[in-house]
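The structure appears right after this line, and notes come after that.
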Amino acid sequence: MAEAAPSRWRDATIRAITPATPRVKSFRFDALGAPHRAGQHVDVRLTAPDGYQAQRSYSIASAPGDPRGLELMIERLEGGEVSGFFDAIAEVGDTIEIRGPIGSFAWEAGDGGPVLLIGGGSGVVPLLAMVRERALRAPQVPMLLLYSVRTAAEAIARGELTARSRDETGFDLTLLLTREGPTTGRRIDRVMIDTAIECLGMPRHSFVCGSNAFVGTVADLLVDAGVRPATIRTERFGE
């Protein structure tokens, strides 16, 4: 099925701003005009007084229908025009142009499982929306999140994900810290993929999000481990 064209631009007001990590802030906006699916993204557009415009895409962290509104988690990037604005200038009450939801990188309760989620760094954000969607509408679906991040302090929603792994039957979290602790220097490898599949079962759906190199490597590992390519969805993540 062809993906629908993006919706028109609309104004959305920032309702809340909360630090998520030293480099990431959570922004709550008015709800979208159209319902989204977990994993989709929106386009954000800023317009300067002289008419100059900058536009970026950001994944939606909130589950569909979240009464608190749309949540974006925006990482500060060096030299980033849009992320720099959100990090240093944006305030509660500001109105921002948003367009969406957009994208076929998505999972919903009716898709079933088992579901294997693999995220690198801020690429965990759309996967977080899937974890939240499962908890709300499909807690019977087995789901495992393999999350690779440099340090514990940089792990987005670490407390929430750890609590869900502890308290929610059928959801498991494997957190790989690549810059601290006993796993320093390790990257996601075949052993970790095999262990995840042994715990979860052969996934019906796999979602991988992160940098270009991360996504390419992980997708190849999944195929080597016997996961059917047609069941693997990937998204490159960045500003």
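Scanning region 44-89 for residues that are among the polar types (S, T, N, Q) and more than 28 Å from Arg132 (Cβ to Cβ) yields a total of 2.
Annotation: Thr47 fulfils all but one of (1) out of contact with any Ser or Thr (no Cβ under 8 Å at 6 or more places or on another chain); (2) under 30 Å from Ala138 (Cβ atoms); (3) among the hydroxyl-bearing types (Ser, Thr, Tyr); the unmet one is (2). Residue-level check: of (1) assigned to a strand (DSSP E or B); (2) among the polar types (S, T, N, Q); (3) under 21 Å from Glu154 (Cα atoms), Thr13 misses just (3). Consider region 199-233 and keep the residues that are crowded, with 18+ Cβ neighbours inside 10 Å and β-branched (Val, Ile, Thr). The one that is nearest to Gly110 (Cα to Cα) is Ile232.
If the condition is being surrounded by fewer than 22 Cβ atoms within 10 Å (Cβ to Cβ) and in a helix (DSSP H, G or I), then region 122-158 contributes Arg132, Ala135, Leu136, Arg137, Ala152, Ala153, Glu154, Arg158.
I'm checking my understanding of the structure. Among residues of region 16-31 that are within 19 Å of Gly93 (Cβ to Cβ) and outside any strand (DSSP E or B), which one is modelled with the lowest pLDDT?
Taking region 16-31 first, the residues within 19 Å of Gly93 (Cβ to Cβ) are 16-19, 25-31.
With outside any strand (DSSP E or B) added as a condition, the list becomes 30-31.
Working: Asp30: 88, Ala31: 83.
If we take residues in region 16-31 being within 19 Å of Gly93 (Cβ to Cβ) and outside any strand (DSSP E or B), then Ala31 is modelled with the lowest pLDDT.
Kindly establish whether Arg164 is in a helix (DSSP H, G or I), more than 26 Å from Ala34 (Cα to Cα), in the same structural domain as Ile232 (by TED's automatic domain parsing) and more than 14 Å from the chain's Cα centre (by Cα). Considered against the rule, which asks whether it is in a helix (DSSP H, G or I), more than 26 Å from Ala34 (Cα to Cα), in the same structural domain as Ile232 (by TED's automatic domain parsing) and more than 14 Å from the chain's Cα centre (by Cα), Arg164 comes out as yes. When region 73-118 is filtered for residues that are without any contact (Cβ under 8 Å) to a residue 60 or more places away in the chain, in a loop (DSSP other than H, G, I, E, B) and crowded, with 16+ Cβ neighbours inside 10 Å, only Arg76 remains.
The values are calculated or read from the model by the stated rules, or taken from the named source; none is laboratory data. These numbers were taken from a predicted model, which means no experiment stands behind them. In this analysis, Cβ positions are derived from the backbone assuming ideal geometry, glycine residues included, and neighbour counts consider all displayed protein chains.
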